[in-house]
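Below: one structure, written as structure tokens.
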Amino acid sequence: MRAKIDTKKYMLAFVVTALVFFGALLISNRFSQKRIEEIKSIENNIALDILASETQFALLKESSCRTVDHRTAFSEELNNLAQKLSYTEENLGDKNKEVIDLKKYYSLLQVKDYLLVGKINEKCGIKPITIMYFYSNAGDCDDCKREGYVLTKLREEFPEIRIYSFDYNLDLSVVKTMKSIYGIKNTLPALVIWDEAYYGFKSPEDIEKIIPQLKKFRAAQEKEKNATNTSTQ
Amino acid sequence: MVEAFFSGILYVFLFITLYLEVFFLITFFEERLALQEKPHRTKLPHYPSVTIIVPCWNEEKTVTGTIHSLLDLNYPKEKLKIFIVDDGSTDSTWEVIQKFAHEPQVALIHKENGGKHTAVNLGIEKTNTDLIGCLDADSFVEKNALIEIAHAFNEDPSMMAATPVLIVHNPKTILQKMQKTEYHTGAFLKRMLSPLDAINVTPGPFSIFRKEVFEKIGLYKKAHNTEDMEFALRMQAHHLRIRNVHTAHVHTSTPGTLYKLYRQRLRWAYGTMKNTLDYRFMLFRREYGILGTITLPLSFFGVFIFLYNFGFIAFHAIQSIIEKIIEISTAGFIFALPRFDIFFFNTDFMAILAYIFIGLALVIIWNGTKLAEGRFRPSLSIFYFLVFYGMVAPLWFCRAIINIILSKGTKWR
């Protein structure tokens, strides 16, 4: 006599499977939510730091040039934020409302940092290297991904460079203003280096030609590296 | 949109796969007490008479070990006959087996080559014992394997056939080690299918039958080079009970190279699908129980589900590799130690499902290893199985589907 089909067992297996399956979905959503909260928290911290820095700069005027190292301030935090935001955008999709809100806030923070850097430049006589990068991930920019790789590498190699990336299609008045100030056309990717706009893919070599200081930075880095090696021997 | 469509199909397939794993684990939970039974029998109140047929075709290297393992069985000699049937070997198999001619239990039979099933059939026709079994000439039985099976036959008069737990013999290459864990998972699944009357194959290494089975449904017949599967399905079609005796252990040789493994698995995959098609009248039929509703659909459609899931993963893996190549060719290789940040730990839905599947696979491997080896020991075999099996199995599954479409058969070797 063949073992009979136990309908209860089939049902139990179905219920357990459904619980596990939808449990996985819930857990995944919970983690995504936690990520968004973490990004929000980082953004808030950076906003607070920028405000503090602006206030400090306003209070101390020129003397802040000596007390605060503005060359790399917020650079690392903004890079870290950019990486996390990019990862979240990849996972949740660029149409996700919360991702769009985070990107808007991130764009605002970048502009604030850009303005602060401008003020420092003016008061302290420092000329930081800034690159503004306009991209699109709406499928109309074949080279944007490659340009992103190049800029990520530059960021890692030269922390002194401040790279601000803006989604060309982001519906945010500040981004629109930036686009109009620099007259950015819809021929992406577009880079703004020292107030001049460059269109199309730019390789690391192209960027080094535009910014000759990068060679000096590299030479300084190598010198420092050699000095460290000599002192440890 | 296209991505969402393909992901949707994948989710349905993953749900089905998860359902089956849960189903088997619930069965495992039901069977947990029976599984604690360890091999311990040294004597039986009744010893049924047994004939073991060893079909050989060019097995000069392994047949001696096979016969020795049979002679060493813990079973009364007068109750056990061993038929060595040389199926027209072209090597020195016939000469090699002559050294057993003086053994009173052993009968040496020579015939023209006609295929494994003809050799087994010849042996079946020549005997009249209570139980008749087969042992491939590249397999080796443990001392108590037969007494365990005989005990199971004594205990359950409705049991018409018994299959043992198969263990990979002396795994040396990475592929053999991979198969070792694969056989462990197979041992677990076979044991789970046993109480559900849903076993769909009585493998060549040491499947034992009551003689009534052959009287009732006839002998082996040619069936896509997987006659042992056809025979099991014919038994199931006649509602004859097949049980797995997890306390009986048999060691079997496995292919050591990818090409040999491919040939063997192509034969198995093609045969499984063809036999399932031949017995399609049992598909989704309640009167054939779990066999009709789970085992047979899984045997046929499982191949497509496996290939679809593999295709999806492979597509994304290739996409990632291409992106990495573009990144390196664009920006150069950046050597940086990876910074650990829990933020970047993949927790999307698909990743969490993957963790669950790996977890369930480990539960199955753990219990399969315990069935085969008595206790769980972590080994590289598990790693090889988890990493490589998914990469190599599509080779024979794809070819099996092509062969079915083209109606092209397979070869034994």
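All of the numbers you see were taken from the coordinates with simple rules; none came from a lab. Small disclaimer: the values here were computed from a predicted structure and weren't measured. Positions of Cβ are generated from backbone atoms using ideal geometry, with glycine treated the same way; all protein chains shown enter the neighbour counts.
Pick from A:Glu90, A:Glu160, A:Glu43: which is most flexible by mean-square fluctuation in a GNM of chain A where alpha carbon atoms under 10 Å apart are linked?
It is A:Glu90.
For chain B, build the charge dipole from Cβ charges (+1 Lys, Arg; -1 Asp, Glu) around the Cα centre, then report which of B:Leu189, B:His46, B:Ala248 sits farthest towards its positive end.
Going by the charge dipole, the pick is B:His46.
Relative contact order, percent, of chain A when contacts are C-alpha pairs under 8 Å separated by at least 6 residues?
Values: 183 pairs, mean separation 38.8, N = 233.
Contact order relative to length: 17 percent.
What is the ratio of the Cα radius of gyration of the stretch B:39-136 to 2.2 N^0.38 Å, where N is its residue count, to two decimals?
Numbers: Rg = 13.5 Å, N = 98, 2.2 N^0.38 = 12.6 Å.
Normalised by 2.2 N^0.38 Å, the Cα Rg of the stretch B:39-136 equals 1.08.
Pick out, in residue order, every one of the trypsin sites (Lys or Arg not before Pro) in the stretch A:95-152 that is DSSP loop and has at most 14 other C-beta atoms within 10 Å; say none if there are none. Mind showing how you got there, number by number?
Working: sites: A:Lys95, A:Lys97, A:Lys103, A:Lys104, A:Lys112, A:Lys119, A:Lys123, A:Lys145, A:Arg146; in loops: A:Lys95.
Here the trypsin sites (Lys or Arg not before Pro) that fit, given the DSSP loop and packing criteria, are A:Lys95.
Going down the table (B:Lys111/B:Lys216; A:Lys145/A:Lys215; B:Lys61/B:Lys370; A:Lys40/A:Lys84; A:Lys185/A:Lys209), which pairs top 19 Å between alpha carbons? Please list the in-between numbers first.
On the way: B:Lys111/B:Lys216 26 Å; A:Lys145/A:Lys215 25 Å; B:Lys61/B:Lys370 30 Å; A:Lys40/A:Lys84 11 Å; A:Lys185/A:Lys209 23 Å.
In this structure, B:Lys111/B:Lys216; A:Lys145/A:Lys215; B:Lys61/B:Lys370; A:Lys185/A:Lys209 lie more than 19 Å apart at Cα.
Given Cα positions, please report Rg to Rh for the stretch B:125-281, the hydrodynamic radius being the Kirkwood one.
Numbers: Rg = 15.3 Å, Rh = 16.1 Å.
Radius of gyration over Kirkwood radius for the stretch B:125-281 works out to 0.95.
Across 10 Å bins from the origin, how do the percents of Cα pairs in chain A run, short distances first?
For chain A, the pair-distance distribution reads 6, 25, 29, 18, 9, 5, 4, 2, 1, 0.
Note down the nm distance, to one decimal, between modelled labels 7 Å out along Cα→Cβ at B:Ser7 and at A:Asp101.
2.1 nm
Given 0.36 nm per residue, what is the gain on full extension from B:Thr173 to B:Asp72 after removing their alpha carbon distance, in nm? Walk me through the numbers on the way to the answer.
Working: separation 101, 0.36 × 101 = 36.36 nm, distance 2.82 nm.
Once the chain is fully extended between B:Thr173 and B:Asp72, it gains 33.5 nm.
For chain B, with a Gaussian network of springs between Cα atoms less than 10 Å apart, report the residue from B:Lys370, B:Lys190, B:Lys61 with the top mean-square fluctuation.
B:Lys61
Would you please give the FRET efficiency between B:Ile321 and B:Glu31, computed as 1/(1 + (r/R0)^6) with r the Cβ-Cβ distance and R0 = 35 Å, to the nearest 0.05?
On the way: r = 43 Å, r/R0 = 1.23.
Plugging the Cβ-Cβ distance into 1/(1 + (r/R0)^6) gives 0.20.
Let me have the relative contact order for the stretch B:172-233, percent, based on Cα pairs under 8 Å that are six or more residues apart.
On the way: 26 pairs, mean separation 21.7, N = 62.
Over the stretch B:172-233, the number comes to 35 percent.
Farthest toward the dipole's positive end in chain B, which of B:Ile305, B:Asn113, B:Phe6, given Cβ charges of +1 (Lys, Arg) and -1 (Asp, Glu) about the Cα centre?
B:Asn113
Enter the mean number of other protein chain beta carbons within 10 Å of the beta carbon of each residue in B:277-290, as an integer.
The per-residue average across the peptide is 1.
Going by how many other beta carbons lie within 10 Å of each one, how would you line up B:Val168, B:Val12, B:Val54, fewest first? It would help to have the intermediate numbers written out before the result.
Working: B:Val168 20, B:Val12 12, B:Val54 26.
Least to most surrounded, the residues fall as B:Val12, B:Val168, B:Val54.
How large is the Rg to Rh ratio of chain B when both quantities use alpha carbon positions and Rh follows Kirkwood? Mind showing how you got there, number by number?
Details: Rg = 23.1 Å, Rh = 23.0 Å.
Result for chain B is an Rg/Rh of 1.00.
Among B:Lys143/B:Lys222; A:Lys153/A:Lys216; A:Lys104/A:Lys127; B:Lys180/B:Lys408, which pairs are too far apart, with a Cα-Cα distance over 21 Å? Numbers along the way, then the final one.
On the way: B:Lys143/B:Lys222 32 Å; A:Lys153/A:Lys216 17 Å; A:Lys104/A:Lys127 27 Å; B:Lys180/B:Lys408 30 Å.
From B:Lys143/B:Lys222; A:Lys153/A:Lys216; A:Lys104/A:Lys127; B:Lys180/B:Lys408, over 21 Å: B:Lys143/B:Lys222; A:Lys104/A:Lys127; B:Lys180/B:Lys408.
What list of whole percents do you get for P(r) of the protein assembly as shown, with Cα-Cα distances grouped in 10 Å bins up to the one holding the largest distance?
Spelled out bin by bin, the protein assembly as shown gives 3, 13, 20, 17, 12, 10, 10, 8, 5, 2, 0 percent.
Would you please state which residues of the stretch A:197-220 a label at A:Glu156 would reach in this model, taking the label point 7 Å out along Cα→Cβ and a backbone N cut-off of under 11 Å?
Answer for this model: none.
Work from the charge dipole of the protein assembly as shown (Cβ charges, +1 for Lys and Arg, -1 for Asp and Glu, about the Cα centre) and give the residue of B:Ile26, B:Leu395, A:Asn44 farthest towards its positive end.
Of the options given, the answer is B:Ile26.
What angle do you read, to the nearest 10 degrees and between 0 and 90, between the alpha-carbon axis of helix B:296-331 and the longest principal axis of chain B?
Compared with the principal axis, the helix lies near 40 degrees.
So for the stretch B:46-91, averaging the separation of alpha carbon pairs under 8 Å that are six or more residues apart and normalising by length, what relative contact order in percent results?
Details: 46 pairs, mean separation 29.5, N = 46.
64 percent.
For an R0 of 35 angstrom, estimate the FRET efficiency from the Cβ-Cβ distance between B:Phe304 and A:Lys8 and round to the nearest 0.05.
Details: r = 29 Å, r/R0 = 0.84.
Once the sixth-power term is evaluated, E becomes 0.75.
Which value, in Å to one decimal place, does the Kirkwood hydrodynamic radius take for the stretch B:91-172 when every pair of different Cα atoms is included? Let's see the in-between values first.
On the way: mean 1/r = 0.0648 Å⁻¹.
Taking the inverse mean of 1/r over all distinct Cα pairs, the stretch B:91-172 comes out at 15.4 Å.
What are the ³J(HN,Hα) couplings of the stretch B:243-253, residue after residue, when phi is run through the Karplus curve with 6.51, -1.76, 1.60 and θ = phi - 60°? Round to Hz, x for glycine and proline.
10, 9, 9, 6, 8, 9, 10, 10, 9, 10, 6
Between A:Thr177 and A:Ala58, what length comes free when the chain is fully extended (0.36 nm per residue of separation minus the Cα-Cα distance, one decimal in nm)?
Details: separation 119, 0.36 × 119 = 42.84 nm, distance 2.50 nm.
Roughly 40.3 nm would be gained on extension.
Based on the alpha-carbon set only, what is the convex hull volume of the stretch A:129-222 divided per residue, in Å³? Mind dumping the intermediate values first?
Details: hull volume 8.2 nm³, N = 94.
About 88 Å³ per residue, rounded to a whole number.
Based on DSSP H runs of at least 4 residues, each adding -39500 (n - 2.57), what is the mean residue ellipticity at 222 nm of chain A after dividing by all its residues, to the nearest 500 deg cm²/dmol? Before the final figure, lay out the partial values.
Values: 8 runs with 154 residues, N = 233.
Value at 222 nm, helices only: -22500 deg cm²/dmol.
For the pair B:Phe376 and B:Lys222, how long in nm is the line joining their label points, each one 7 Å along Cα→Cβ?
With each label point 7 Å from Cα toward Cβ, the separation is 4.7 nm.
Running a GNM on chain B with Cα contacts under 10 Å, which residue among B:Phe306, B:Phe340, B:Phe206 ends up with the highest mean-square fluctuation?
Looking only at B:Phe306, B:Phe340, B:Phe206, the largest GNM fluctuation is found for B:Phe340.
Provide the FRET efficiency to the nearest 0.05 for the B:Tyr355-B:Ile401 pair, computing r from the beta carbons and using R0 = 30 Å.
0.50
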